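Each reported figure results from applying straightforward, stated rules to the coordinates on display, with no laboratory input. Given the structure is predicted, the values throughout are model-derived calculations rather than measurements. Ideal geometry is used to build each Cβ from the backbone, glycine not excepted, and the neighbour counts take in all protein chains shown.
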C-alpha cells in the first residue's frame, strides 16, 4: 500500500478514472461493470468533444 505522502490528493469535484467493462448500450445510457457493481451512465458523457 502506498504512503499517503506518495498518493495523489482527492477532493470534492476531483476527476478520477475507473476501468470497467461495458455490459450494455441502450438509446441514451451505457451500463458499465466496475468490480461487482453495474452502474448506468448517460451516453453523452462518452461523446468526444470536437
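Per-structure values
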quantity	calculated
Relative packing of 34-44, 10-20, which averages over residues the other C-beta atoms within 10 Å, highest first	34-44, 10-20
Cut-off 13 Å (backbone N to label point 7 Å along Cα→Cβ of residue 10), residues of segment 16-40	16-19
